[in-house]
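The values are calculated or read from the model by the stated rules, or taken from the named source; none is laboratory data. If you're wondering where the values come from, they're calculated on a predicted model, not measured in any experiment. Here the Cβ positions follow ideal geometry from the backbone for every residue, glycine too, while neighbour counts run over all protein chains shown.
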Amino acid sequence: MTPFNSYLLILVLTLALSQSSVVLSKYHVHIGSDLGEGLELGIHCKSGDDDLGIHWLPYGTNFTWSFNINLWGTTLFYCNFQWEHVTGHYNIFEAGRDRNRCCNACYDNCYWAAKQGGLYFYNYETKNYELQYPWPMSMVKT
């Protein structure tokens, strides 16, 4: 093997190992319905490669899916939400934004809760759900 090929092989292996956690880690997204008794949450989530279908979640239940981030670190899942008269479209997993904030002792879980005020994301540092996306104000009954 020539010195150039050896160098190239070492470079490729180094890059592969440095990105291995991105490629090898399986992420789990959990969306819970916390809208209140008698209210159902409709969700339809997709990525560029996957359509996860339409799911109706009664209060207190959740929808979960798992996936690996693509080699380029650009994985994106977005979801349409519907409950009563409210609809919204939101990015639920963006690799650049979420690969670190979804980490809890290397169990890569992203927790979301749909509440009457909007979509809340679980922050592992504060140990609280924090409002990430409010529902469109024109849709929310006052």
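Summary table below
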{"item": "Which numbered condition Arg99 fails, given (1) touching a helix residue (DSSP H, G or I) at 6+ places or on another chain (Cβ under 8 Å); (2) more than 14 Å from His30 (Cα to Cα); (3) at pLDDT 95 or above", "result": "(3)"}
{"item": "Segment 124-138 residues that are surrounded by 12 or more Cβ atoms within 10 Å (Cβ to Cβ), paired with ones that are at pLDDT below 90 (beta carbon under 6 Å, 6 or more apart)", "result": "Tyr124/Asn104"}
{"item": "Residues being under 22 Å from Tyr90 (Cβ atoms), at pLDDT 95 or above and of a type in the set (D, E, K, R) - total across segment 1-51", "result": "5"}
